[in-house]
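**Q** Below you will find the structure I want to go over with you.
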Amino acid sequence: MLEHLARKWARKEKMEQSAEFDSNGMIPNHIAVIMDGNGRWAKARNLPRIAGHRSGMKTVKEIVKASDEIGVKYLTMYAFSTENWKRPREEVDFLMKLPQEFLTTELDELVERNVRIRMVGSKEELPAHTLKALETAEERTSGNTGLQLNFALNYGARKEIAIAVKDIVTRLQAGEIALEQIDEEMISRHLYTSDFPDPDLLIRTSGEIRLSNFMLWQLAYTEMWFTDVLWPDFTREHLYQAIAEYQGRARRYGAV
Ligand code: FPP
């Protein structure tokens, strides 16, 4: 009897979670995700923080598949910020190994799915093994035309903007461009994200309501969706919920 009730409740909970989005409606072209809460997830289980990141990697796999299946064109995942180097050495080393681990097990399937992989961020400080794994994936998938999966790694929006400013001023000083030519489009073209569109939807997990130096320029008109769910507990149903809410929003871009 108790077992029957438990099953009933589990079903009810699942149904409440799975928001119906309109598969014929507007699917966000580009979804950006701040994957937060791995550490808290691990702590709640008396596990080391890295166990949370490993579990978070499983969520990455699931959300990539779900996004691909529903027709999202770009998915950008914030995996490591320019500030994350301040974490304990052991945790940083672990995080730097995750792209390799992920790609070793997933790359073949991603190639099969026609997914294109890109890295967004500064390559300079990355360990050689991390960079190699990412560059191999970038090369192997460069001709793919399906979902574009961007890993924001060693990414910081302020750094990105500072680099763009430096590049533009250098071109100005060299006489390659005139002052009047500097506009929003030129700045966009000098960012790491120069060849893909701004996000339509930003998702942040774990109850934190901030941007943490993520895509500050690109998120100007992005719809934002925050959830208390910790990243390792985030499921495709949560993604559907976010999309359902996105579909109900009116995007006016400053107009009436
Ligand atoms: C933030 O949670 C999460 C990170 C800094 C790392 C995110 C990385 C992954 C989810 C795995 C990435 C996978 C690949 C394939 C690159 P936190 O550690 O700050 O959590 P807390 O706020 O609860 O401490």
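Please treat every number below as a calculation from the coordinates, not as lab data. Not measured: the values here are computed from a predicted model. Methodologically, a virtual Cβ is constructed for each residue, glycine included, from the backbone with ideal geometry; neighbour enumeration extends over all protein chains shown.
**Q** Please work out how much length the chain gains when fully extended from L172 to A250, using 0.36 nm per residue of separation minus the C-alpha to C-alpha distance, in nm with one decimal.
**A** Net length gain for the segment: 24.1 nm.
**Q** Can I ask one more? Quick one: what are the phi-derived ³J(HN,Hα) couplings along the stretch 38-50, Karplus 6.51/-1.76/1.60 with θ = phi - 60°, whole Hz, x for glycine and proline?
**A** Residue by residue, the stretch 38-50 yields 4, x, 5, 4, 5, 4, 4, 10, 6, 10, x, 3, 5 Hz.
**Q** So what's the net charge close to E124: Lys and Arg +1, Asp and Glu -1, counting the other residues with Cβ under 13 Å from its Cβ?
**A** 0
**Q** If you average the C-alpha positions of the stretch 44-116 and of the stretch 177-227 separately, how far apart do those two centres end up, in angstrom?
**A** Between the Cα centres of the stretch 44-116 and the stretch 177-227 lies a distance of 21 Å.
**Q** If you don't mind, there's one more thing I want to ask. Picking from I63, I182, I163, which is most flexible by a Gaussian network model of the chain using Cα springs under 10 Å?
**A** In the Gaussian network model the winner is I182.
**Q** Find out how many positive minus negative residues lie around L202, taking Lys and Arg as positive, Asp and Glu as negative, among other residues whose Cβ is under 15 Å from that of L202.
**A** Combined, the nearby Lys, Arg, Asp and Glu give -2.
**Q** Still on this structure, please answer the following. Quickly work out the D233-to-E124 label distance, labels modelled 7 Å from Cα along the C-beta direction, and quote it in nm with one decimal.
**A** Each label point lies 7 Å from its Cα, and together they span 4.0 nm.
**Q** Pick from W231, W85, W217: which is most flexible by mean-square fluctuation in a GNM of the chain where alpha carbon atoms under 10 Å apart are linked?
**A** W85
**Q** Against the longest principal axis of the chain, how steep is helix 157-173, in degrees 0 to 90 to the nearest 10, with axes from Cα atoms?
**A** 20 degrees
**Q** Give the order of V169, V64 when sorted by the count of other beta carbons within 10 angstrom, beginning with the fewest.
**A** Placing the least packed residue first, the sequence is V169, V64.
**Q** Still on this structure: Taking the chain as a Gaussian network, where each spring joins two C-alpha atoms under 10 Å apart, which residue of G156, G25, G121 fluctuates the most?
**A** Of G156, G25, G121, the Gaussian network model singles out G25 as fluctuating most.
**Q** Beyond a 24 Å Cα-Cα separation, which of these cross-linked pairs lie in this structure: K97/K123; K43/K97; K43/K159; K65/K97?
**A** K43/K159
**Q** How far, in nm, would the chain grow between V92 and Q181 when pulled straight, counting 0.36 nm per residue and subtracting the alpha carbon separation?
**A** 27.9 nm
**Q** With r defined as the distance between the Cβ atoms of E139 and L211 and R0 fixed at 25 Å, what FRET efficiency is calculated, to the nearest 0.05?
**A** The calculated FRET efficiency here is 0.20.
**Q** Does the stretch 98-214 come out rounded, prolate or oblate, given a ≥ b ≥ c as the square roots of the eigenvalues of its C-alpha gyration tensor, rounded meaning a/c under 1.5 and, failing that, prolate meaning a/b above b/c?
**A** Prolate, because a/c is 1.5 or more and a/b exceeds b/c.
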